[in-house]
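What follows is one structure encoded as structure tokens, with my remarks underneath.
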Amino acid sequence: MPLKISQNKTVKYSKHFTLSERNDVSKITVICGPMFSGKTKGLINEIATHREQNKTVIVFKPLLDNRYSDNEVVSHDKDKVEARNIEEPVEMLQFIDDVDVIAIDEAQFFNDSIVDVVEDIAAMGKDVILAGLDLDYRAEPFGPMPMLLGKADVVKKLHSVCTFCSAPAKYTHRISEDGELVLLGEKDKYVPLCRTCYKELT
Ligand SMILES: [Zn+2]
């Protein structure tokens, strides 16, 4: 049976196929980059924009991230919004019935199940905005971020400023000697570096 798929195109499709109600309005947005590139600030700005449009927004972050505050997302220049700490991505589903937009900070620290949960939420017609480090301090893709970037409708890749030469920085270099990958910190532990400086230092 010919199926009209747009104003001026018709395709032949052998199986019975009925268009369900379209949901093409919800978006998955990923804001990524190295440390000190303004990811959390970008997330807070997106939240503010949606709230100005009278949309309800809920903010989640991984339980381990308590460097500034237990129930807030705080940018490096101390902008903040209230947030709910969760351990497992699936926990989000119990809080979003009456919510238009789901914002998630430090997405790199969640396990891979966040990918399916985010897609399920978008399929409900809700926007999802995630912020996270795309690369760890070894310049390896961080946790679920590569998959989230692949699934995203909108990707905003931010840069920081190289500590040594002021070029755009895409790497986070760790200057502390701790062996842990999950290490939250400030500028005494990590510095943003450009590609050339990163290569020379590592
Ligand atoms: Zn540099």
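The values are calculated or read from the model by the stated rules, or taken from the named source; none is laboratory data. Model, not experiment: these values are computed from the prediction. Reconstructed Cβ throughout: ideal geometry from the backbone, glycine too, with neighbour counts over all protein chains shown. Note: areas computed on protein heavy atoms with side chains; ligands, DNA, RNA excluded. Shrake-Rupley method; radii C 1.70, N 1.55, O 1.52, S 1.80 Å.
Going through region 166-176 one residue at a time, which ones are surrounded by fewer than 19 Cβ atoms within 10 Å (Cβ to Cβ) and in contact with a helix residue (DSSP H, G or I) (Cβ under 6 Å, 6 or more places away or on another chain)? Of everything in region 166-176, nothing turns out to be surrounded by fewer than 19 Cβ atoms within 10 Å (Cβ to Cβ) and in contact with a helix residue (DSSP H, G or I) (Cβ under 6 Å, 6 or more places away or on another chain).
Residue by residue, here is whether (1) of a type in the set (D, E, K, R); (2) in contact (Cβ under 8 Å) with a residue 12 or more places away in the chain; (3) open to solvent by less than 20 Å² (accessible area, probe 1.4 Å) holds:
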site	(1), (2), (3)
SER75	no, yes, yes
ASP79	yes, yes, no
ILE86	no, yes, yes
ASP97	yes, no, no
GLY125	no, yes, no
VAL128	no, yes, yes
ALA139	no, yes, no
GLY143	no, yes, no
MET147	no, yes, no
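Residues of region 112-123 that are of a type in the set (Val, Ile, Thr) and surrounded by fewer than 22 Cβ atoms within 10 Å (Cβ to Cβ): VAL115, VAL117.
Can you name the residue in region 156-173 that is away from the ligand (no atom under 11 Å from the Cβ) and touching a Cys at 6+ places or on another chain (Cβ under 8 Å) and, of all such residues, is nearest to GLU46 (Cα to Cα)? Don't jump to the end; show me each part of the working.
Restricting attention to region 156-173, the residues satisfying the condition of being away from the ligand (no atom under 11 Å from the Cβ) are 156-159, 172.
Remaining after also requiring touching a Cys at 6+ places or on another chain (Cβ under 8 Å): 156-158.
Values: LYS156: 12, LYS157: 15, LEU158: 14 Å.
Among them, the one singled out is LYS156.
Residues that are farther than 13 Å from ILE44 by Cβ and basic (Lys, Arg) number at least 1 in the following strands (runs of 3 or more DSSP E) confined to region 54-123: 84-86. Considering only residues in region 163-191 that are modelled with pLDDT of 95 or more and under 30 Å from ASP70 (Cα atoms), the one that is farthest from the chain's Cα centre (by Cα) turns out to be ALA169.
Against the numbered list (1) part of a loop (DSSP other than H, G, I, E, B); (2) at pLDDT 80 or above, MET147 comes up short only at (1). For region 124-134, a residue qualifies if it is in a strand (DSSP E or B) and over 27 Å from VAL191 (Cα atoms), and the qualifying residues are ASP127, VAL128.
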